[in-house]
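**Student:** I'd like to ask some things about the structure below.
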Amino acid sequence: MENNWVRLQGSVLTEPLFSHKSYGEAFYRFILGAARKSGYIDRIPVMLSQRLMGKEPPKVNAYATLLGQIRTYNEPLEGRSRLHITAFAREFQILEEEEEDQNQVCLSGFLCKPPVYRKSPMGREICDLLLAVNRMYGKSDYIPCIAWGRNAAYTANLAVGTPLRTEGRIQSRTYIKKQESGLSEERTAYEVSLLKIEE
């Protein structure tokens with residue numbers, strides 16, 4: 001887990017729902033809410049095995065802590081591929097008392113697409129990155145990241161293949177997606193907001 005770890009602590013926002021089975025073990029998905037200092041709550045998808053969950057699934061509003069990795073997978077959707085991000089739990093525990101929410105991510109990987117640099121309407125520098133992080137059995141996770149300010153300016157001209165070590169947090173944001181039919185749908189995007197970057 002040295003090149004990919006996430007530590008989360010917050011409130012369970014949804015009931016765990018069955019996701020899939022792998023090598024005979026059942027996995028469940030739910031949303032964990034982790035509050036920022038601003039008060040905004042990031043809604044983070046969590047993948048939890050039956051073994052870690054135990055006999056009692058976590059209840060809505062329970063306060064939990066987990067340590068794991070960020071995992072990504074692609075889902076075919078409307079003839080295109082949609083990237084899903086989840087916090088894959090390696091350790092999980094329900095806490096009896098609420099503590100300070102946590103949302104920490106550390107990733108070491110390689111830049112696998114050219115950075116996309118832009119400025120917000122307020123003039124803030126932003127840079128979108130896609131980081132390939134290797135895991136066991138020859139697989140990789142492709143994790144969207146976003147850098148701000150000086151970090152954005154620094155990463156804007158990095159070459160594809162540049163090795164990076166980063167620290168940050170998972171953030172969620174909602175947006176409106178217009179369909180070809182003309183209808184609009186609210187969706188949630190997930191990315192790692194980078195606080196520290198080094199080659």
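**Student:** On average, how much area does the Cα convex hull of region 103-155 cover when viewed from any direction, in nm²?
**Tutor:** 4.5 nm²
**Student:** What whole-number value in cubic angstrom gives the convex hull volume per residue for the C-alpha atoms of region 49-101?
**Tutor:** That works out to 123 Å³ per residue.
**Student:** Give me the tail of P(r) for region 14-77 as a percent: Cα-Cα pairs with distance above 20 Å.
**Tutor:** Above the 20 Å cut-off, region 14-77 has 33 percent of its Cα pairs.
**Student:** Given the chain reduced to its alpha-carbon atoms as identical point scatterers, what log10 I(q)/I(0) does the Debye formula return at q = 0.08, 0.14, 0.16 Å⁻¹?
**Tutor:** -0.29, -0.89, -1.13
**Student:** Over region 64-129, consider all pairs of different Cα atoms and compute the Kirkwood hydrodynamic radius from their mean reciprocal separation; express it in Å, one decimal.
**Tutor:** One over the average 1/r among Cα pairs gives 15.7 Å for region 64-129.
**Student:** Please give the Cα centre distance for region 86-119 versus region 33-70, rounded to the nearest Å.
**Tutor:** A separation of 12 Å, based on Cα centres.
**Student:** Rg to Rh for region 132-199: what is it, with Cα atoms only and Rh by Kirkwood? Kindly include the intermediate steps, with their values, before the conclusion.
**Tutor:** Details: Rg = 15.5 Å, Rh = 14.3 Å.
That ratio equals 1.08.
**Student:** Could you tell me what % of all Cα pairs in region 1-115 have separations over 22 Å?
**Tutor:** 37 percent
**Student:** Most fluctuating residue of 142, 28, 175 in a GNM of the chain with Cα springs under 10 Å: which is it?
**Tutor:** 175
**Student:** Grab the chain and count how many Lys pairs have their alpha-carbon atoms under 28 Å apart, sequence gap of 8 or more, or different chains.
**Tutor:** 14
Where a number appears in this text, it was derived from the coordinates with a stated rule and is not lab data. Keep in mind that what you see is a predicted model, and the values were worked out from it rather than measured.
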